[in-house]
Structures are given as structure tokens and as C-alpha cells.
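Each remark here refers to the structure printed beneath this line.
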Amino acid sequence: MSAGLAIDAALALVLPVLAWAVVATPDLRKAIVLFMALGLVAALAWARLAAPDIALVEAAIGTGVTGALLMSCVPWAESLTPASRRARADLALAGALAVVACLGWAIRALPEAGPGLTPAVLGALEVSGVEHPVTAVLLNYRSYDTLLEIVVLVAAAIGIDAVLPDDDARRRLAPPARSLVGVLSHLLVPGAVLVAGFLVWKGAHAPGGAFQAGAVLAAGGILLLFARRLRPVPFAARALRGALLAGPLLFLGVAVAPLVRGGRLLELPVAWAGVLILAIETVLVVTIAIVLLMFFPARVLASSRAPAATVEDPP
Amino acid sequence: MTALELVAGALLCAGAAFFLAGTVGLLRFPDVYTRLHALTKADNLGLGLIVAGLALDAGSVAEALQLGIIWSLVMVSSSLSCQLVARAARRAGVAPWRRR
Amino acid sequence: MSAWQLYALSGLAWFGVGMWGLFAHAHWVRKILAVNVAGSGLFLVLAALARRATTPAPDPVPHALVLTGIVVGISATALALSVARRLAEVEATARLDEDATHEPAAPPAGADARAGGDAAPPPAGGGAPP
Amino acid sequence: MTEPAWVAGVVVIPLVGALIAVLAGRRAAPIAVVTAVGAAVAAAALVRQIARDGVVEHAVGGWAAPLGIALRADGLSALFVAAVAVVGTAAIVYALAHPGTPHRFHAAWLLGWAGLAALAVSADAFNLYVALELLTLAGATLVALASEAAALRAALRYILLALAGSLAYLFGVVLLYAAHATLELSALGAAVTPGPVTAVAIAAMVAGLALKSALFPLHGWLPPAYAGAPAASAVVLAGLLGKASFLVLVRLWFEVVPPSLRPDAGLLLGVLGAAGALWGAVLALRQTRLRRLLAYSSVGQLGYLFLVFPLGTGPALAGAVYLVLAHAAAKAALFMAAGSIERACGSDELGALRGLAPRMPLTFLTIGLAGLTLMGLPPSGGFVAKWLLLGASLETGQWWWAIVLVVGGFLAAAYVFRVLRLAFLPAAGAAAIARAPRGAELPALALALVSLGLGLAAAPPLALLGAGP
């Protein structure tokens, strides 16, 4: 066991140091690369904490999509005027240290063993329609949280469409060129689609589910976007909005159905729970993938010099 | 310690050695192109050896195949991204290192 | 000092570093990056505390909470980055108009505002985006 | 057929409406109106149900509390949902009449509406976190709809500080869950025992929520956001979204915080609230633009709300909640009026208001009526709320809060009359003004009358609050 503890100690030490490096590095590009490294090391820590679901989502969304998003911001980030004239680093440091000290005191004071809700979750697992406890919590016991969370995703999509309307940027995209990213997309995208389907199906009885699958599908989509194989569909297109809203609307439909018969919101009938959860998750994968793809609006692709584009983008 | 575990252990150690070589290369090489060499070649081979070692004492053949898929995916993406980084560096005008 | 406390205190330090970065940096994108770092740190604390469960498998409820938190986190990050991008464009256009007013004779020679001055400057007043 | 579960309907109807509004894209306006009517009906039904059978519980998904999420509607949540319905419907009518409103306002606001309803009826600590995040995103989108640099900077600051507040709140939730293995508020309240974990967790949650509701030292982000946002967005931001974090703090304070922690923490919040009330009013006096004046007035009025923590439950809580309702209607009416003025004479500089009253009678009648609530003069709802707070402070012997209320009232009178005085001065030059559309002035007047009505017909809502915690 001491070997395990040694690994844990090493990871526990590396993470805050890496986080400090991300925040303190003067060069933004280097900070983003370190941020991705931090995400991957964190995925290791999740694995050590026996949380494979989180490791998957952290690696796919926390590091992959967020990292790509941040990297796409580098071209225009320098031209942004800073938020405040003088950064109050010292005041912030004192504040952060005080907060960390108090919270550390509280964590040390927590009882050593805390069973949490494990017995309750495992006890009601047979009735939940799935075997994997995390999926049971996400889509049956606390499915109301997941419903609101999907609405948060849609809210982000609306916000981005409101702030960055993709009007003329789409027309000026360079035509798809024979490029290395194109080759990469040919090799990886079919795999991404396959893995996404596999993750959704596996979610019922092992780590996996709509979020992990949506992120992997989005990764494939992002690759196609950067390889110019996929033209970014404008948010105004009704088909895109239909596909985006299919997930939440189906989820809401399933949520409201029991109310009509006097039952309770989101009360899944035991016999149908498994099928309903799988149906919701499958449609949610499309929603999550579309929203994650919408985080890369057309104008991001138009102006960022895609490294592989052989022909220069018209300015 | 059966023969299988011995071989697996040897493979894992060899893989770790290659990773170490790749990291030392990253630290000591002067410019981006040589560092790409170190990283892409040494680490990929290191990963291959580690995957082979793990596959030997993996529970089932399916698990071993999955490990193999992981390795092939990493090889595809790392070799292509190495080429992209090199091209981007070339475009940014980074001159390859020459012994003065 | 059991394993979960190691990770909990590590996540706490990570959270503290992120919060420091949020208030210490003056640049918008660095602040957004710092908030992401802080969020991940907090989620590590939550999962570490879940590992205190005496049963072999950790407590699944915090895992679901962390999943929800990560997705909510990236939604907020993506919106913040989009607003920052729009701000960069609006500022770049403002800078272009400034240059235009200073030397009315020579039109700004292909001043391709690096931040993509391609966006048509927003119509004055009203606030209706193009 | 048993009574339909209105407590769930109140959340689901705006959610469905928002999603269909997104689907409708440019033609979202009619859907917004239909959703507003549906949600208003659900809110009225919920109020009637609460008035009849008191607190209504609803275990979502059929799972009991520790495992599932519990919805609970009491007097406070029913009244707030009703206020959201009234002000929200008026805001949609105002947005339709106000030509400058971008079409994406409706979808963003309906999402905010759903977030507010979800927050009002939720009794689960983590569910409140997700609802608060939904409100952060909807609010930031509402601010960022105006694509000027100032509004975008305000939206960025709004998102980042709201995220910092949410993380602090979430840390408190994490600690409480780790200690008591439940997320349900009343179960937490029962299980919580004074100790380091509780103290730090409560401190983190209170600090996070104070930052999100712009309590005095942390209010910097609010004025630029309310002043920079498009007119219709400012109405719902100032009227409703600004109150959400305070409501979560009230629920947390009276259901989870152990009584032993309340006196000294309450004093701190009270002092900060009092300082905010006076500071906001003084700054409102020195503003040169109408919308910034109203924004600082919001900071001030929020200061009064925080006086509920040192004063404790009973009339003080009823007074604070009543001020939330009255202020929501009055401040929404004032921001609508400011939007109409801005539309009419191109800018909301106070100088441009000179001699405007005869030419925009309805708008300045609205400002006058809504001003009554800010000042706390009878017969407005603001007066009833401040009367209850005054009574509570004298009863509990903490007379100093009464002084803050009275001085604040004078300062509020000062900045309201400053606006009205300018409007009734003889106009220097007869500058031509664009006629503010009648449709924009009527909802403003209606809301001002609602804030007045809250004062006149105070008995039923107060009885409902009596039924509350």
C-alpha cells in the first residue's frame, strides 16, 4: 500500500505546483499548454480516486475541448485591453492564503470515515434501471440536476450565438485543402464516432454516458471543423436548432409525462427506466456534441490561421 | 514470479527507460525540431513497450486489444501533431540549430 | 494522513491558486483560465472527500455532482471567452475608427486588425447586434 | 383528478417556453407572450395552493430526500414566483414595444425565468448551485446583448465574479455534504452542529452569495452591468435576477445556519448592509446618468434587505421579503421609464431630462409612483416593508438599524426628487424628441401601480408570508 500512497503523494504534490505554473506563467500560450497538462495529470488523480467517469470527462471536456477553446483565443487575446489598471496580486495572495487556511482547517476537522450516500444509492440500484451507480444518480435519482445542467448548456449556446452572430464570417472560409489535419481527421473521426456510441451504450453498466460520449463526438467534429471538412452550420439554421433542442425537449417530455397521471416530476416507471435513460442519453449526446461544437463559431475558424491550411486564408 | 511476469516486467522497464530517454532529450536538445524527434520517437516506442508489457498480464484478450488500439491511436496523433508543430515552427521562422 | 486527505488538501491548494489567479491577473483571458483552474481544484476536493466511504467503491453522488460541475464550468467558460472575443473585436474596430479619424487623407492602408476587423462595426446606438 | 403539481409546473412551463423560443429564433416574441401567460397562470395557482394548504413538498423522481432532490414551495417562494410572473410578463410586453430590443432577448429572459422559478422552489443545496449558474449565464447573455465595449466588459466582470461566488458557495455545500451526507436544506439544518466544519462552510456559502448579490464591499460589478445592458435586459436584471442570490441566502440562513452562529454573523451582514444602503444612496446622488443612478439605488435598496439577518425571523423576514417584491416592481418600472427616456431623447444624461415631464407625462408619473417605494413613503409597498423592518428593529432593541432605514429613506427621496425636479423645470430649448411608443410606457406604469398596490392590499401577501418559515 505504501507504493500507492507514494504515487498519491507525488500526484498530490504535482497538481498544485502545476496549477501555480498555469496561473503564474507570463506567456498565455505556454499557460494554456500547461493547463492541458494539468488536466491530464488531474485525470490520473481521478483514476487514483476510483472515479473513472470523472477521469473521462475531465480528459475529454476539461482538457480537450476547453484546451482547444483557449488555444483558439490566443490570436486575439493580446489585443484585449486589460480589465483593471493595477493587478492587486499581493492583496489577492493574502486573501487566497486566508481562504485556503480556513478551508484546510475545516477539511482536517472532517470525520475520518464518511459513508456518504453509497448505501442508499446501491440499495435502490435495481429499481433505477441501470447497474452503474453514477449513471443511476445522474439520470434517475438526481435527474433534475442533469435536466437543469442541459438547460445551462443551451443557455451557453444562446449566449454565444447572441454575442458572436456568425453572419458573414462563414462565407470567407478557405475551401477544404489537402492538409495534414485532413488526414488526421480521416483516421480519427470514424474512431471518435464509434467510441462515442460505445461510451453511450456502456454508460448503463460501466463508466461512460452522455457527457463522455458527447465530448468524444465533439472532438471528432472539432477535428473536421479545423480540417475544413465540416462547414460550421449557422445557429440560424432550423435543422441545427432542432437537433440541438431534441435532447432537452425529449428529456422534458419524459419529465412531464408522469405529472399528467398525477405522478411526480421525472418519475421514471421502473419497467421502462432503463430504456428511457438510454433514449435520453443517446439524444443528449447529439445535444452536447452540437453545443460543444458551437463553442467554436465560424468567425473563430475564419480568422485563426489553421496551421495546415496550405492556401492562405483571405484576410 | 512466472516467466510471463518476468517478461512483462522487463518490457515495462524498457518502456520506462525509453520514456526517460525522451524526457532527457526534451530537456537537453537545443531547438524545437530536435526535441520533437526525442519526444515523438522515444516516447512512442516507450509507450509501445509498456502497452506490450501490460497486455501480457491483462485480464482478457479483449483488454489487450484495447491497449493495442490505444497505442495505435497515440502513434497516429503524435506523429501527425509532430509534423504540424514542425511546420508551424518552420512557418514562424525558427531556424534549425547548427553547430557553430 | 490518509490518501483522501492528501488529495483533498492538494485540491484545496489548487483551488486557492486558481482563486489567486482570478483576482491577481488583469488580463481577461488569464482570469477565465484561473477560474477554470479553481473549479477543477474544487472538484478534486469533492471527489477526494467521496473517497472516505468505508465501502470499497467511493460514494457515487459526489461523482455525479463533479460531472455536472465540469459541464456547467465549461459552459460558463465558453460564454466568457465568446464575450471576451467580441470585446476584442469591438475594441479593434474602435481603434480602427480612431486611426481613420486621425489621418482622414490616407485611408488606413490595409490595416488588417489582427483580431479580425472583418466584423462590420456594430451600428451606432440601439445595441442590436449585426 | 388530484391538484396538478404546480410547484413543478412553475419551473417546467418557462423551461419548455424557453426551448421553443430558441427553436423559433427571430419569431420568438409570440412564444414568449404565450409562455409568460402560462407561467403566470401556474404562479397564481401555486399561490392559491400555498394559501390553502401551506408548505407544498414534491420529491422529484419519486426519490425520498437524501437520495433525490426535494422541491418545496412555501409563502416566500410562491410570492417570489408571482413577482417573477408579474414583472416578467411586463418586461416581455415592454421588450415587444421597445424597438431597440434584440430578438434573442426573449429566449435568454425565459431561461432566466425558468432559473428563477427553479431557484425559488428548490430545497436542495446543489440544485440551487445549478440554478444559480443558469441565472449567471442567462444574466450575462442579457447584459452582453448590447454589443458596446462597456456592456461587454460589464458582462465579463459579471460572469467571472458570479463564478467566483458560485465556487465559494459550492465549497460550502461540499463541506456540509461531506459532514452530513445530505444535500436537503432542512435535513442539513437538523444535522448541523456548531463546529469548525459548519462555521467555515456557512462562511464560504454566505460570502459567495453576498458577492453574487452585490453586498456593499463587493458591489462593483453591478452598476456597469445594469447601466450597460439593453433597456429590456436591465429591467429583468435589476428587478428580478439581482434578488436571486439574496433569496438563497435567506433560505440558507433561516433553515441551515445554527442559531448560535446567527447573532455575530448577522451583525456583520447587518453592518455591511447598512453601509451599502448609505453608500449606494450617496453615490446615486452623485451620478450624472439616470441608469447609473438607478443601479446605485439598487445597491442601496439591497443594503436594507441584509438588515433582516441581525433582526432575525418573524416580522423582519416578512418585511425583507416584502421589500424584495415591492422593489422588484418599482425598480423594473423605473428601468422601463429610463429606457423610454433614453429612446426619446437619445441619451439618459440627467441634463437631457430638463423640462421633459410635460412631453412624457406617463413616464414621469411612473417614476413618481415607483419613487414612493424607494423612499418608503406610504401607501407604497416599500413603506409596508420598511415599517415591518422598523418595528422589528425597535422590538429587538437594535434601534440603530431604524436610524439607517430613516436616513436611507431621506437619501432615496433626495435622488428621486433630483430626477423629478429636473423634469418639471421649464425646458430651455424645445428639443425635438421621438415619441416613446405608448406600449413601452404602459407596462412601466402598470408595474408602478403594482408596487403601490402592494402597499394598499398588504394583508393577503403578508398572511401568506406568515404561513412561511
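The values are calculated or read from the model by the stated rules, or taken from the named source; none is laboratory data. Because the structure is a prediction, the values reported are computed rather than measured. Note that each Cβ is placed from the backbone with ideal geometry, even for glycine, and that neighbours are counted across all protein chains shown.
Below, the figures for the structure above:
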item	result
Enumerated helices (runs of 4 or more DSSP H) restricted to region A:78-153, each holding at least 3 residues that are facing another protein chain (nearest Cβ under 7 Å) and at negative phi	A:89-108, A:118-123
D:Val56 being in contact with a strand residue (DSSP E or B) (Cβ under 7 Å, 6 or more places away or on another chain) and either surrounded by fewer than 24 Cβ atoms within 10 Å (Cβ to Cβ) or more than 8 Å from every other protein chain (Cβ to nearest Cβ) (or both)	yes
Residue list for region D:20-32, restricted to those being surrounded by fewer than 23 Cβ atoms within 10 Å (Cβ to Cβ) and facing chain A (nearest Cβ under 7 Å)	D:Leu23, D:Gly25
Selected residue (criterion: farthest from A:Ser2 (Cα to Cα)) from residues of region C:1-12 that are at the interface with another protein chain (Cβ under 7 Å from one of its Cβ atoms) and buried (at least 23 other Cβ atoms within 10 Å of the Cβ)	C:Leu12
Hits in region C:37-61 (condition: of a type in the set (D, E, K, R) and closer than 15 Å to A:Ala136 by Cβ)	C:Asp59
Matching entry among A:Leu18, A:Leu70, A:Leu49 (being without any contact (Cβ under 8 Å) to a residue 60 or more places away in the chain, facing another protein chain (nearest Cβ under 7 Å) and more than 15 Å from the chain's Cα centre (by Cα))	A:Leu49
Single residue of region A:2-15 satisfying the filter (more than 25 Å from the chain's Cα centre (by Cα) and at the interface with chain C (Cβ under 9 Å from one of its Cβ atoms)) that is nearest to C:Met19 (Cα to Cα)	A:Leu13
All positions within region D:84-140 that are of a type in the set (Asp, Glu) and within 15 Å of D:Val11 (Cβ to Cβ)	D:Asp124
Enumerated helices (runs of 4 or more DSSP H) restricted to region D:288-390, each holding at least 1 residues that are under 21 Å from D:Ala444 (Cβ atoms)	D:290-305, D:315-345, D:361-375
Lone unmet requirement of (1) within 14 Å of chain D (Cβ to nearest Cβ); (2) under 20 Å from A:Gly191 (Cα atoms); (3) without any contact (Cβ under 8 Å) to a residue 60 or more places away in the chain for A:Leu284	(3)
Residue check, D:Ser233 within 12 Å of another protein chain (Cβ to nearest Cβ), buried (at least 24 other Cβ atoms within 10 Å of the Cβ) and modelled with pLDDT of 90 or more	yes
Count - residues of region D:115-155 that are touching a residue at least 40 places away in the same chain (Cβ under 8 Å), of a type in the set (D, E, K, R) and facing chain C (nearest Cβ under 7 Å)	2
Pick from region D:207-245, criterion outside any helix (DSSP H, G or I) and small (Gly, Ala, Ser), ranking: farthest from D:Leu79 (Cα to Cα)	D:Gly220
Residues of region C:27-53 satisfying the condition of being at the interface with chain D (Cβ under 10 Å from one of its Cβ atoms), outside any helix (DSSP H, G or I) and either more than 23 Å from A:Gly114 (Cβ to Cβ) or touching a residue at least 24 places away in the same chain (Cβ under 8 Å) (or both)	C:Arg52
Positions within region D:62-82 being buried (at least 22 other Cβ atoms within 10 Å of the Cβ) and without any contact (Cβ under 8 Å) to a residue 24 or more places away in the chain, in sequence order	D:Trp63, D:Leu67, D:Gly68
Members of region A:138-154 that are aliphatic (A, V, I, L, M) and either at pLDDT below 90 or outside the structural domain of A:Glu267 (by TED's automatic domain parsing) (or both)	A:Leu138, A:Leu139
Selected residue (only one of A:Ala157, A:Ala206, A:Ala218 is at pLDDT below 90 and among the aliphatic types (A, V, I, L, M))	A:Ala206
Where a residue in region D:161-178 is free of Cβ contacts under 8 Å to residues at least 60 places away in the same chain and facing chain C (nearest Cβ under 9 Å) and its partner, wherever it lies, is outside any helix (DSSP H, G or I) and not small (Gly, Ala, Ser), with Cβ under 6 Å and at least six apart	D:Tyr177/D:Leu183; D:Ala178/A:Leu110
Region D:357-368: number of residues that are surrounded by 22 or more Cβ atoms within 10 Å (Cβ to Cβ) and among the aliphatic types (A, V, I, L, M)	2
Residue list for region D:279-304, filter: of a type in the set (S, T, N, Q) and either under 17 Å from the mean Cα position of the chain (by Cα) or closer than 13 Å to D:Gly409 by Cα (or both)	D:Ser297, D:Ser298, D:Gln301
Subset of region B:58-80 [within 12 Å of chain A (Cβ to nearest Cβ) and crowded, with 16+ Cβ neighbours inside 10 Å]	B:Ser78, B:Leu80
Only one of D:Ala85, D:Ala36, D:Ala42 that is in contact (Cβ under 8 Å) with a residue 12 or more places away in the chain, at negative phi and within 14 Å of another protein chain (Cβ to nearest Cβ)	D:Ala42
So C:Gly73, is it at pLDDT 90 or above, at the interface with another protein chain (Cβ under 7 Å from one of its Cβ atoms) and under 28 Å from A:Thr118 (Cα atoms)	no
